[in-house]
Amino acid sequence: MAIPAPPATDPAPPPPDYRMAFQLAPVGLILSRQRHIVDCNARVCEIFGAEPAQLIGQSFRILYPSADEYERFGARIAPVLLRDGVYADNRVMKRVDGRHAGEAFWCHVTGRAIDRRAPHDAGIWTFEDLSAQRPIGAVLTPREREVAAQLTRGLTSKEIGRALGLSHRTVEVHRAKLMRKYRASTTADLVQKLMGGP
């Protein structure tokens, strides 16, 4: 009686091409060092309307609507990265080039520190463009953008004040201005409009 031959084995699959995965990821990806862009993928370039050469080597400042917001976000992010190693929020960012250069838009940003003990030393960041679901709809000051971002998280004026280092009365002044700009009758109505509702 003949012994059956062992089944043919498929050749081993090629190892994953991590560079291709990075470039083709459906979310924007940036590798950073000291808040400078070391590398970025194609989706980041699409989101910010830029070529890789316009971003690589640049400070993250280029992606923010103002220098103040860049500085304040950096100061808020560092302790969270130090404590948790990860950070996430929705914030207003800015297109860099192309026909929408300078346009402000809502973006979901998530980051991870490579070493949480040195939060800005090196990290990886993801960016998701929220502009289709959440148009800005009004011209906002830097502080109004920051307060708006916190309102969409469901925070009270006191909680927003603690998060931003402001008095709750100052937060209420900015919230009142946002309500006028968005023609909102209540805070809930304002939040709905900030989130892209009618």
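Every read-out reported here was derived from the displayed coordinates using simple, explicitly stated rules and does not represent laboratory data. The shown structure was predicted, so the numbers you read here are calculated from the model rather than taken from an experiment. We place every Cβ from the backbone using ideal geometry, glycine too, and count neighbours over all the protein chains shown.
Summary table
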{"quantity": "Ranked list, fewest to most other Cβ atoms within 10 Å of each Cβ, for VAL86, VAL139", "calculated": "VAL139, VAL86"}
{"quantity": "Euclidean distance of C-alpha centroids, the stretch 118-137 and the stretch 19-70, integer Å", "calculated": "10"}
{"quantity": "Cα-projected label distance for ALA78 with VAL27, points at 7 Å along beta-carbon direction, nm", "calculated": "2.5"}
{"quantity": "Difference of contour (0.36 nm per residue) and Cα-Cα distance, GLU159 to GLN192", "calculated": "10.0 nm"}
{"quantity": "Top of MET179, MET93, MET20 by mean-square fluctuation, Gaussian network on the chain, Cα under 10 Å", "calculated": "MET20"}
{"quantity": "Neighbour-limited loop hits for GluC sites (Glu not before Pro), the stretch 1-103 (at most 11 other Cβ within 10 Å; DSSP other than H, G, I, E, B)", "calculated": "none"}
{"quantity": "Positive-end residue, the stretch 1-98 charge dipole about Cα centroid, Cβ charges, pick of ALA75, GLN54, GLN34", "calculated": "ALA75"}
{"quantity": "Fluctuation leader among PRO15, PRO26, PRO135 - the chain, Gaussian network, Cα springs under 10 angstrom", "calculated": "PRO15"}
{"quantity": "Summed residue charge, Cβ within 13 Å of PHE60's Cβ, Lys/Arg positive, Asp/Glu negative", "calculated": "+4"}
{"quantity": "Among ALA118, ALA50, ALA138, residue whose mean-square fluctuation peaks in a GNM of the chain (springs only between Cα atoms under 10 Å)", "calculated": "ALA138"}
{"quantity": "Net +/- balance of residues flanking ARG175 in space, Cβ distance below 13 Å, scoring K and R +1, D and E -1", "calculated": "+3"}
{"quantity": "Folded to 0 to 90 degrees: helix 168-181 orientation relative to the chain principal axis, Cα", "calculated": "90"}
{"quantity": "Separation in nanometres of the label points that stand 7 Å from Cα toward Cβ, at GLN34 and THR141", "calculated": "3.4"}
{"quantity": "Options (i) 23; (ii) 26; (iii) 38 - which one matches percent of Cα pairs over 27 Å apart as calculated here", "calculated": "(iii)"}
{"quantity": "Cβ-based net charge around PRO119, under 14 Å, with every Lys or Arg adding one and every Asp or Glu removing one", "calculated": "+4"}
